[in-house]
1. Could you tell me, in Å, what Rg and Dmax come out for the Cα atoms of the stretch 218-360?
2. Which order do peptides 45-54, 302-311 fall in by mean Cβ count within 10 Å, highest first?
3. From the phi angles alone, apply the Karplus equation (6.51, -1.76, 1.60; θ = phi - 60°) to the stretch 225-230 and give each ³J(HN,Hα) in whole Hz, x where the residue is Gly or Pro.
4. List the GluC sites (Glu not before Pro) within the stretch 148-231 that DSSP assigns to loop and that have no more than 12 neighbouring Cβ atoms inside 10 Å.
5. Binned at 10 Å from 0, what are the whole-percent values of the Cα-Cα distance distribution for the stretch 221-269, short to long?
6. Can you give me the distance in nm between label points at SER252 and GLU114, each placed 7 Å from the Cα along the Cα-to-Cβ direction?
7. Which whole-Hz couplings ³J(HN,Hα) result when phi for each residue of the stretch 261-271 is put into the Karplus expression 6.51 cos²θ - 1.76 cosθ + 1.60, θ = phi - 60°, listed in order with x for Gly and Pro?
8. Charges on Cβ only, +1 for Lys and Arg, -1 for Asp and Glu, centred on the Cα centroid of the stretch 308-404; of TYR337, LEU387, TYR374, which one is farthest towards the dipole's positive end?
Amino acid sequence: MIVRFVLFVLASCLPLGAGIASTSQDRDATLSDERRASDAVEVAERQKILVMIEQAPNRLRPGSSYSSGYGSAQTKAARERLGRTIAKEYGFEFVELWPMPLIGLDCFIMKFTEQYSATEAAEMVEQHPSVEWAEPMDVYETLATASSDDPLTTLSPAAEAWNLKRVHSSWTGRNVTVAVIDTQVDTEHPDLKGRVKVSRNFAPQSPMRPEYHGTEVAGIIAANARNGIGIAGVAPGARLMALRACWQRAGSRSSACTSLNLARAMNYAIERGAKVINLSLGGPPNRLLTRLINTASARGIAVVAAYDPERPKGGFPASHPGVIAVSQMGVSTAKGYVAPGMDIPTTRPGGGFHFVSGSSYSAAHVSGLLALRYERGRGREAQWRSLVRTASNSREIDISATFE
């Protein structure tokens, strides 16, 4: 144990990458440019609204009308014309059509003029007879706190508390797909090699490099076991969908996501067979995301979200009835579970390791446990999405009873 701890501390001190050192002035200038670019992206995303139109059955709209022959170029052009017409009517800019056959909607992204707020713009467009509803572009934030600078007396609180070594002797989450909807995961990290089955970017900007939060969450869920380095994830045999819907703010460890990016990533995860969707983030209630969560639940997919004690009912999506909410141990909550979330060792971009804290990482622990549960039941167990609590009035998880 002592040897492993020393190796971990040495690894955590490794630089993020090699290269020629720049001057302090050059680094400051680069950081300033990146921060301005990041801020500009967030401002631009907040100046958009999402306009929803129900897709009518083909039999009701024959010929070249709005929804007939959904995939044809002719009807796609007709749908885009409708979106452009609606945008023009209100003096807005048509940006894009995003079709969502999964939930029977077409989503039109429109940019509104500065004379309106996002709420005012959405309320205006919602009055159009063709529009089902319209909503502002909501922004969500990942739920992490600063990394600990002090060495820990144990490497992984969950490893001992949950007796993961014993659990892994029977189940590792082998071939269970977990969607990590987050910032860019470092797919080249040695402890994540072979764990990421697909990596997609749904955020409004391309990442210049792997980002912290997504890499940290991915490591807790599925870092490789028994490879002689770093850590072992809760479900080291799971397969990850690394779906970038959030971006790391320049010059900061905080990250942000828009409701549109999250919706696109969730739609992708549902359509491609994820068994668990991890959302280590929180923000305001959102109608589009609610519909996608309900669709996921109806298909037997577990949706796990971090509980935000600073928001009413833990924030959204944790507050939604179909979501498994997870709080950091020591935080009072009336819903879901509590899991380790303080001084957790995990992967960081560039091949190193460090310690993290926050309910983001508590949620990641439970996503890993659910991958183990799914493998244990081979998908046939009716209650695989439930974990056994230590007592009826407790939010702590009884691992022995869960995997007996």
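All of the numbers you see were taken from the coordinates with simple rules; none came from a lab. Treat the numbers as computed from the prediction; the structure is a model and nothing was measured. With ideal geometry, Cβ positions are generated from the backbone for all residues, glycine too; neighbour counts draw on all protein chains shown.
1. 15.3, 46
2. 302-311, 45-54
3. 9, 6, 10, x, 9, x
4. Taking the stretch 148-231 and a limit of 12 other Cβ atoms within 10 Å, the loop GluC sites (Glu not before Pro) found are GLU188.
5. Histogram of Cα-Cα distances, whole percents per bin: 23, 29, 36, 11, 0.
6. 2.2
7. Couplings: 4, 4, 5, 4, 5, 5, 4, 4, 4, 5, 5 Hz.
8. Positive-end residue among those listed: TYR374.
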